[in-house]
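We did not get these values from a lab; they are worked out from the coordinates using the rules stated. Here the structure is a predicted model, which means the values were calculated and not measured. Virtual Cβ from ideal backbone geometry, glycine too; neighbours counted across all protein chains shown.
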Amino acid sequence: MNYMRKISCLFILLSSILFTSCIEIIDDILIHDDGSGVFKYTVNLSSSKVKINSILALDSLKGKRVPELSEIKEKIYLFKKSLSNQKGISNVLIEENYTDFIFKFSCNFSSPGVLQTGIENSISEISENQVFLDPKYKWIQWDGNVLSRTIPDITSDKLKTLDSKDDELLKLGTYTAISRFDRKIEKFDNPNAKLSKSLTATMLKVDTYSLKENENLIDNRIFLSKIKN
Amino acid sequence: MRLFFLTTLLLCCKFGLSQQSEKYIPREAVTVFTINNENLFQKISVDELITYDFMEEINQELFDGSTNGKTLKDAGIDFQQKLNIFYGKDNQFEVSGFSFGIKDTTDLFSVFDDFEFISMLNGAKVYGSFFNKLIIKDKDALLIRVDPIMTYVDKITDSIWYAQGNENPFIQYFDDNGNILDEKVYDENEETTNDFIPDASDDPNVKNYYELRDSIESVIQKNLQSMVLDEIYNQNISLSSTDKHFAEQITHDSEGIFYMDNSRNIDKANGLWYFETILPTLYNDIREIYDGNIILGDMTLLDNSIEFDITALYGEKLGSIYKEMTDSKFDKRVLSYIPEESTGYFTYNINLRSAYEKAFEVIMPILEDEKNAQISMNVLTIQLLNEFVNKDALFDTYKGSLFGSFNGIKKVKTKKIEFFYDEETFDYAERITEAIEEMPIFTIGFSTKRPDIPEKILKHISRLTSQLKNEGGFWCFQNAILDAAPLYMVNTNGLFIFSNDAEFANNYTKGYGSKAISPKKAKAIKKSGFMYANFDLKETINRLPPDFFPARQNEFIQSLKGKTGVIELVSNDTDTKRTKLKVNYSYASGDNSAKHLLDLINALYVVYK
């Protein structure tokens, strides 16, 4: 159980429909030299709003209860409240657009470790069932010079459960991971990542179908230049 | 003469063998499905059979590994008898099960291996398992399950609980004013604990509320089961002996037989329960209208098709309403609005005005006799509306004739938010773009003699919202469907039509012309009575996205998924006693017809149980 999975819990309970709809996810992290930063996570389901509205009108789907919108809103509110109280986390904002089904989450953090712990704790707090955390799992690791990002389990676990009839939708979905820094990037080891003109950011964009086929697609280690004294 | 005796003997054997186990169907059964096909039974495996919904009530017994790889033939069942599946429910208990003939008891118990002998009952051997009872008399078996309805159990439990001087067992869920506590308040209130409910371990002689209820449920179940079995085996009272329609229907030789007593179908009559409690005399009168409302059906296997003849019987009062209702003239104009490419379409043609007048005549005297202030006020309101409302305008606007078509899955334009990126900075922003989503395309319309009235309504609504606009030949309501796709309304040629098909709104508001259904199909519709439906299963049911339908409809759709062929429903005669319908299901040659029959029975079960 990792914390990206819990992010998806946060954003919905909609998790059961997340990947059977065409989805766009933007995972954007800014890490300053001192380790503090800003994390933004956007889930865009607007291209599937017909489907989502139809699902929300149902009592259950595939044997699972479909949550009421009010329940989703309450969970998001509780998550926001809980995360705001976590040490090292500040300025928690969640924009909810239930017309187009776009959810934007952002917060400031004092270090990547604090961000992970804070999200984990908040998800555990709002989960109805006990959440077993895997303390060894690190979605993001930062040593001051190198940032390692790997695939969130939400993606791999959820994708594995889908059958082939969802493949066409998955091909339309995208997952974009953006990493930003104060200083220049020296190198990175994922050849599919792009470097910004300022050399301070990388962007990796994959479709969710490819991610299902190869869960290592968004793994990346980013090496930064030395801090000038 | 010898030939006569031989024929008589054979006939006796035939009926003697083929009509045995059905006499053990309890009179409480409301729905009965009978399968009468030797080949079908021999071919189907037990494991396959128990996957059907109609076996769900009893499959716990069978789905335990003892059936692996076995067919019904291996299960010692006599194929020369009918297999009768039944289900019934009243306000005290639910009864379900099936009756069948036995060829080999040893083989039977290799499948029903959890049953143990319990007792004898007027020459019948009673076996029991955790859930069910199996009763064998001569070569006939009845597998039955009787479950008390929980509301009935609760009622008796409460009366005993309070008679013993106990407090409300759910008192912790209420505040001082008797209002139900909010879940959060309940959780936060430390005083609301369950401590006052005695634990069985504190005093084994004192039962808490739930233990008392379990005991009562167990006793009631035992008593009800005894009562049902006593009636069948000691008093020879069964559905066959109490319902002449069933007794006659069960003699048919068709491969599948269907019986449903709508007047006793409590679940379908849930709306009347309020009246039963509050206004018992009115309830009895209203129920009287439904008396004799029985649906009977015969399924016959033909070459590459199954024919299903349905007869809906009514009592005199309901029949008189239906007769007036179906006394209508078909509106031929609808034919040009059903496209040839439509894979599923229906027409429903009733005379709402006549039905209203007759229902008014039948139901109002019943309501007028009721000595209840609320009913009296309602009667007065209805009487005044009847006098003051312009019924000509009302029933000319909607006469009661409907048609609809499913025109496949089409891609419809919706709006979506897209994020676009600055390739140099990787900053991103939103923009609105067009999206394409798949949606089932439906067209539904009705005949009207007063097109000015819906037009008037639309004009006024369009002043209230910018979402509704007159686009010339049609009205368009943006985002009307699932808050995303537009709904088009066409008011033309004496028809008012709703559709989510932009192509129809833009190009075919005057009708599909040469692209409308063929004259042959149109003839079939015109020849049918008040109702006609035609569905290509592969192109309709299989293509319907399950996400768009609520659980109940979805269950039905799922039960027919994967099937191919065409289902055609035609209504025939309607008089004051009955309406006849015919459903024909045709499929490709070489398909397993017996399997199709079971699938259809299953679909019916899902609808009617």
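Subtracting the Cα-Cα distance from 0.36 nm times the residue separation, let me have the gained length for B:Ile457 to B:Gln374 in nm, one decimal.
26.7 nm
Figure the gain on full extension for B:Lys391 and B:Lys595 (residue separation times 0.36 nm, minus the Cα-Cα span) and round it to one decimal in nm.
The span from B:Lys391 to B:Lys595 would gain 68.4 nm if fully extended.
Hey, fewest Cβ within 10 Å first, where do B:Val334, A:Val206 land in order?
So the ranking, lowest neighbour count to highest, is A:Val206, B:Val334.
Please compute the volume of the convex hull spanned by the alpha-carbon atoms of the range B:404-513 and report it per residue in Å³.
Output value, Cα hull per residue: 128 Å³.
Using r as the Cβ-Cβ distance of B:Lys244 and B:Asn304, and R0 as 51 Å, what FRET efficiency do you calculate, to the nearest 0.05?
Calculated value: 0.90.
Short version: ³J(HN,Hα) in whole Hz for each residue of the range A:107-114, in order, from phi by Karplus 6.51 cos²θ - 1.76 cosθ + 1.60 (θ = phi - 60°), x for Gly and Pro, what are they?
7, 9, 9, 8, 7, x, x, 5
Obtain the nm distance between the two label points defined at B:Asp291 and B:Asn479 by a simple spin-label model: each point lies 7 Å from its Cα along the Cα-to-C-beta direction.
For the pair B:Asp291/B:Asn479, the computed spacing is 5.5 nm.
Given labels modelled 7 Å from the Cα in the Cβ direction, how far is it in nm from B:Asp422 to B:Tyr210?
Spacing of the two 7 Å Cα→Cβ label points: 6.1 nm.
Loop only by DSSP, 10 or fewer other Cβ within 10 Å of the Cβ. Give me the trypsin sites (Lys or Arg not before Pro) in the range B:306-352 that pass, ordered by residue number.
B:Lys329
Please state the equivalent ellipsoid semi-axes for the range B:353-397: what are the square roots of 5 times the Cα gyration tensor eigenvalues, largest first, in whole Å?
For the range B:353-397, the ellipsoid semi-axes come out as 22, 13, 6 Å.
Using the Karplus curve 6.51 cos²θ - 1.76 cosθ + 1.60 with θ = phi - 60°, work out ³J(HN,Hα) for each residue of the range B:118-124 in order, rounded to whole Hz, and write x for Gly and Pro.
10, 6, 9, 9, 6, x, 9
To the nearest 0.05, what FRET efficiency results for A:Ser106 and A:Asn145 with a Förster distance of 25 Å applied to their C-beta separation?
0.50
Taking amide H positions as placed in the peptide plane 1.01 Å from N, state which residues far from A:Gly173 in sequence (5 or more) or on other chains have amide H under 5 Å from it.
A:Ile23, A:Thr208, A:Tyr209
Using amide H atoms built 1.01 Å from N in the peptide plane, name the residues 5+ places from B:Arg27, or on other chains, whose amide H lies under 5 Å from its own.
Placed amide hydrogens put B:Leu239 under 5 Å from B:Arg27.
So what J values fall out for the range B:504-510 if you push phi through Karplus, 6.51 cos²θ - 1.76 cosθ + 1.60 with θ = phi - 60°, rounded to Hz, Gly and Pro as x?
Computed from phi, the couplings for the range B:504-510 are 5, 5, 7, 10, 10, 5, 8 Hz.
Given the pairs A:Lys138/A:Lys212; A:Lys75/A:Lys205; B:Lys510/B:Lys580; A:Lys138/A:Lys194, which span a C-alpha to C-alpha distance of over 25 angstrom in this model?
Violating the 25 Å Cα-Cα cut-off are A:Lys75/A:Lys205; B:Lys510/B:Lys580.
Taking amide H atoms as placed 1.01 Å from N in the peptide plane, list the residues 5 or more away in sequence, or in a different chain, whose amide H sits under 5 Å from that of B:Asp114.
Result for B:Asp114 returns nothing.
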